[in-house]
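To keep things clear, I will list the structure first and then write my remarks on it.
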Amino acid sequence: MFEVTVTTPEATMALGQQLAPWLQPRDVILLDGDLGAGKTTFTKGLAAGLGIKRNVKSPTFTIIREYQGGRIPLYHMDVYRLEEGGGDELGLDEYFNGDGVNVIEWSTFIADELPADYLRVVFKRDDDAGENQRTLRFEPVGERFSQLVQHLEDAQA
């Protein structure tokens with residue numbers, strides 16, 4: 001586990017950009033935390049780091065947005081609206097076993113559908129310390145993601 005505090009949206013994006021070079025197809029990144037805590041901002045950084053030029057928007061109402069044109073595709077999912085179930089109908093296995101990196105906001109709603117290995121990033125708003133201050137906790141599950149987090153931690157040192 002690795003934890004970092006950021007004080008600007010640009011710093012949140014920069015963390016995503018720093019992680020992007022190590023991402024591979026079929027990687028699963030879970031983004032969990034409060035509304036407005038920076039999950040989509042972090043994803044914008046991932047996209048930029050992958051070389052994706054399109055503007056990244058929250059997929060709240062579309063559930064899944066696909067971004068091509070970078071080193072590998074980015075599949076950005078917001079499964080908040082699946083609180084009552086329905087994740088099994090999205091064909092998540094096809095994404096998880098596909099050609100891109102999968103970024104999932106509100107992953108607790110599809111916990112039963114997740115692969116065995118993933119990287120969870122928990123976003124916590126620190127409003128008492130400033131309106132843009134956030135703590136991001138990187139929680140790797142599996143050896144591959146433990147190595148990813150170590151790379152990111154080394155880059156912060």
Being at pLDDT 85 or above and either open to solvent by 60 Å² or more (accessible area, probe 1.4 Å) or closer than 27 Å to Val4 by Cα (or both), is that true of even one residue in region 125-133? yes
With (1) of a type outside the set (S, T, N, Q); (2) open to solvent by 60 Å² or more (accessible area, probe 1.4 Å); (3) under 21 Å from Asn97 (Cα atoms); (4) part of a strand (DSSP E or B) as the list, and Asp112 as the residue in question, which single condition is left unmet? (4)
Inside region 88-105, the number of residues satisfying the requirement of being assigned to a loop (DSSP other than H, G, I, E, B) and either open to solvent by 60 Å² or more (accessible area, probe 1.4 Å) or modelled with pLDDT of 85 or more (or both) is 4
I need every pair where a residue in region 35-53 that is closer than 15 Å to Gly100 by Cα has its Cβ under 6 Å from the Cβ of a residue that is assigned to a helix (DSSP H, G or I), sequence separation at least 6 or different chains. Leu46/Gly16; Leu46/Ala20; Ala48/Gln17; Gly49/Gln17; Gly49/Ala20; Leu50/Ala20
Hits in region 116-156 - residues which are touching an Asp or Glu at 6+ places or on another chain (Cβ under 9 Å), over 17 Å from Gly36 (Cα atoms) and not in a strand (DSSP E or B): Asp117, Gly142, Glu143, Arg144, Phe145, Leu148, Val149
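The values are calculated or read from the model by the stated rules, or taken from the named source; none is laboratory data. Treat the numbers as computed from the prediction; the structure is a model and nothing was measured. Note: ideal-geometry Cβ built from the backbone for every residue, glycine included; neighbour counts use all protein chains shown. Quick note on the areas: whole protein, heavy atoms, side chains included, nothing else; ligands and nucleic acids left out. Shrake-Rupley method; radii C 1.70, N 1.55, O 1.52, S 1.80 Å.
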